[in-house]
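The values are calculated or read from the model by the stated rules, or taken from the named source; none is laboratory data. Note that the structure is predicted; figures quoted are calculated from it, not measured. Counting neighbours? That spans all protein chains shown, and the Cβs are built from the backbone with ideal geometry, glycine included. Side chains included, ligands, DNA and RNA excluded: accessible areas come from the protein's heavy atoms. Shrake-Rupley method; radii C 1.70, N 1.55, O 1.52, S 1.80 Å.
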Amino acid sequence: MWGWMIKRAGIGVCLLVFCMLVGCFSPTRYGTSLPTQVMAPRYADLVLEGEVRERWWEAYDDPQLNVLIDHILKDNLTLQVAYLRLLDSILAYEQSKSGYYPTLGFSAGLSGGGRIAEQSTADPTYSLGLSLSYEVDIWGKIRAEAAISELSSLSTRDAVESATLSIIGQVVTEWFNVQYYRDRIKLTQQLLEISESYHELVQAYYRTGRATGMDLLEQRDQIETLRSTLLAHETNARLAEQALYLLAGGKRQIDVPGSLPEHIDVGGTVDIDQLLERRPDIRAARRTAQQADARIVVALADRLPTLRLSASLSFRATSLTDLFTRLLWDVAGNFAANLFDGGRRSKALDRAKVGYLQEQFNYGAVVLRSISEVEAALLRYRLRAQELADARNNLASRQDMLVSSRQYFIGGVLDYSRVLSALRGMVSASQAELDARRALLLAQINVFLAMGGGSWLKEASDSGTKRAYELLESLDREQHGENEQDED
């Protein structure tokens, strides 16, 4: 009778374990979606028609800029570190999946012992064995931990893409800065030539008494002011080139040709659904909240019983000749539960829930901030476009005023102070037009950055991860080669 009851109990335990394995006890599932905490966009009147540009910097039609960006995506040291960090997170995720599988161990041993007595002998014991251990994931803890690692890897990828987006923006900005300061140098030189020609004119009229000494001194001061700005512009151009050199990882000689380009058509803007996927920082915030959600599962599972199955096969004997004649086996199931821990696990669960609520609100804040950034970028873009149009109208008016004042001065209608005032106005308007052109280009860059990245960003991340793998493999080959040389 007892044997029959033991058999039934054994069958019951086996059925229980089987039900747990196939999911009769449904584990707690962590959420993969978050409550929507976004508001309707407020920039409906600013939305531009058309498709959002991919690889938007290519629209400026500057082949050398495109080549430089391709090299920077490969050689930038910050990105190299980021790609290796991404590779490490991928390996950590693969490592975390080991919990899905049982642990198999091998052992071999030699021991000796005996009674402590006179003329006692030590009897050796030989052992050889295999052991198998597996924790049944009843409550989904192992799956949740793997999900946390996977989400962490994806979040790291988002951080890499955010860094890539930022670096591309820096490259294009510094490229335009070099062109801008070189254009300032050219403009200053042109204005200097005009001012010197007017200086010759006022000198001639000074000798005839139609211009005063003060007119001559003020014209001379205008020339010196323009000359003093040349060094500042040259210095700023070299600083921008140095910034590009650093962004390129110090591997390329930077040569920026051409002048500051005209602004391009932005193309179009993104809607809310697109923004949630195109912005890496939004994706990272969402995955961080999902990790916090999964940590609730881990904290909850820590409060519940655990089931661990184990099995072993071993040989043990006092002589090597008898070692393989004595096979021992063992099968066990360990069901353990915590009865009292002073509330540690309960508070850990509450803290995990608080962490999830924090990340949930943080995700909503990131979404709202991103919407606001798009709106601000579009507003500034529209403002800068209007400022450029106004600056060009003002420049045209100042040029006409200078021509007219010069003619009136030659005709004896005006004194030279009016000509000098018109010249200064034209100089200021020329510089303002160039400043407005650069401001509009920088506003365009901010629009593109605010709208996030598309498929090109994913391709850059994939290529960077591939190069990180290649670096790891080359390191292994180098170490293998060093070991072979040591053996020789």
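Packing order of peptides 355-367, 218-230, highest average first: 355-367, 218-230 (average count of other Cβ atoms within 10 Å over each peptide's residues). Packing around the peptides 244-251, 83-90, 157-164, taken as the average count of other Cβ atoms within 10 Å per residue, puts them in this order, highest first: 157-164, 83-90, 244-251. The distance linking the stretch 360-425 with the stretch 140-207 is 20 Å (Cα centroid to Cα centroid, whole angstrom).
With the simple model of a label 7 Å out from the Cα in the direction of the Cβ, Arg316 to Ala108 spans 1.9 nm.
The fraction of Cα-Cα pairs per 10 angstrom bin, counted from 0 for the stretch 116-268, comes to 8, 17, 15, 13, 11, 9, 7, 6, 5, 4, 2, 2, 1, 0 percent, rounded to whole percents. Taking 17 Å as the cut-off, the amide N atoms of the stretch 150-193 that come nearer than this to a point 7 Å along the Cα-to-beta-carbon line of Val81 belong to 156-157, 159-168.
Rg to Rh for the stretch 258-305: what is it, with Cα atoms only and Rh by Kirkwood?
Details: Rg = 21.0 Å, Rh = 14.7 Å.
Checking Rg against Rh, the ratio lands at 1.43.
The stretch between Asn362 and Gln203 holds 50.3 nm of extra length on full extension. This uses 0.36 nm per residue minus the Cα-Cα distance. If the chain linking Phe335 and Lys458 were pulled fully straight, counting 0.36 nm for each residue of separation and taking away their Cα-Cα distance, it would gain 39.7 nm.
Report the net charge of residues surrounding Asp75, where surrounding means a beta-carbon distance below 9 angstrom and charges are Lys +1, Arg +1, Asp -1, Glu -1. Walk me through the numbers before you get to the answer.
On the way: positive: Lys74, Lys251, Arg252; negative: none.
Within the 9 Å Cβ shell, the charges total +3.
The share of alpha-carbon pairs in the stretch 369-430 lying farther apart than 18 Å comes to 52%.
Probing with 1.4 Å while keeping every protein chain in the model, the per residue accessible area of the stretch 190-335 equals 56 Å². Computed over the Cα atoms of the stretch 410-460, pair by distinct pair, the Kirkwood hydrodynamic radius stands at 14.7 angstrom. Using a cut-off of under 15 Å, list every residue of the stretch 134-153 whose amide N is near the label point 7 Å from the Cα of Leu472 along the Cα-to-beta-carbon line. The answer is 150, 153. With one equal scatterer per alpha carbon and no solvent term, the Debye-computed log10 I(q)/I(0) for the stretch 265-413 at 0.09, 0.12, 0.17, 0.18 1/Å reads -0.69, -0.83, -1.05, -1.09.
What the phi angles of the stretch 407-416 give under the Karplus curve with 6.51, -1.76 and 1.60, with θ = phi - 60°, is a coupling list of 5, 5, 5, 4, x, x, 7, 10, 8, 6 Hz, glycine and proline written as x.
Applying 1/(1 + (r/R0)^6) with R0 = 22 Å to the Cβ-Cβ distance of Asp221 and Ile410 gives a FRET efficiency near 0.50. Summary of packing: across the peptides 275-281, 403-409, the per-residue average of other C-beta atoms within 10 Å ranks them, highest first, as 275-281, 403-409.
Averaging over all projection directions, the Cα-based convex hull of the stretch 388-488 occupies 13.3 nm² in the image plane.
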